[in-house]
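A.B. asks: First the structure, then my questions, so here it is.
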Amino acid sequence: MVVEAHISLDTIVVRSAGQASADLGGEAAILNLTDGVYYGLDKVGARIWDLIEIPHTVRAVRDALLAEYDVDADRCERDLFALLTELAEHDLLNIVDDA
């Protein structure tokens, strides 16, 4: 199911309940339980996946990444929005609140 995800820094996001995931040596494998499709995340994607295990604002996730990685803030934010939008489009992310 493709959804139109509007995500801002104040949006609260969390992993969807309709998935199962596992750590694979710092990377993540995610199974969408609805359609049976597997997805893989690299090291940074897996860190984002860890951070959204419980509800967080996108701003809090971005700030955590900026504190942990040597990355330009604009690039971090752009890549974070892209990943979160993709996760939402594949029903792997729930938008709890879009303030």
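The values are calculated or read from the model by the stated rules, or taken from the named source; none is laboratory data. Please read all numbers here as calculations on a predicted model, not as lab measurements. Every residue, glycine among them, receives a Cβ derived from its backbone with ideal geometry; neighbour counts consider all protein chains shown.
A.B. asks: Within the stretch 9-24, can one find any residue that is aliphatic (A, V, I, L, M), closer than 22 Å to D97 by Cα, over 11 Å from the mean Cα position of the chain (by Cα) and surrounded by fewer than 17 Cβ atoms within 10 Å (Cβ to Cβ)?
C.D. replies: yes
A.B. asks: Further question: Out of D63, D79, I need the residue that is more than 12 Å from the chain's Cα centre (by Cα) and charged (D, E, K, R). Which one?
C.D. replies: Going through D63, D79 in turn, just one is more than 12 Å from the chain's Cα centre (by Cα) and charged (D, E, K, R): D63.
A.B. asks: Further, regarding this structure: Could you list all residues from the stretch 43-54 that are surrounded by 11 or more Cβ atoms within 10 Å (Cβ to Cβ) and not basic (K, R)?
C.D. replies: Across the stretch 43-54, the qualifying residues are V44, G45, A46, I48, W49, D50, L51, I52.
A.B. asks: Ok, one more. If you take the residues of the stretch 63-98 that are among the charged types (D, E, K, R) and touching a strand residue (DSSP E or B) at 6+ places or on another chain (Cβ under 7 Å), which of them is modelled with the lowest pLDDT?
C.D. replies: Result: D98.
A.B. asks: Going by the structure shown, is A28 out of contact with any Pro (no Cβ under 8 Å at 6 or more places or on another chain), over 14 Å from H90 (Cβ atoms) and not charged (D, E, K, R)?
C.D. replies: No, not satisfied.
A.B. asks: State the number of residues belonging to the stretch 4-39 that are farther than 27 Å from D70 by Cα and in contact with a helix residue (DSSP H, G or I) (Cβ under 6 Å, 6 or more places away or on another chain).
C.D. replies: 1
A.B. asks: So in the stretch 40-70, with the set limited to residues that are out of contact with any helix residue (DSSP H, G or I) (no Cβ under 6 Å at 6 or more places or on another chain), in a helix (DSSP H, G or I) and touching a residue at least 40 places away in the same chain (Cβ under 8 Å), which one is nearest to L87 (Cα to Cα)?
C.D. replies: V58
A.B. asks: Taking the condition surrounded by fewer than 18 Cβ atoms within 10 Å (Cβ to Cβ), in contact with a strand residue (DSSP E or B) (Cβ under 6 Å, 6 or more places away or on another chain) and either among the polar types (S, T, N, Q) or in a strand (DSSP E or B) (or both), does A28 pass?
C.D. replies: no
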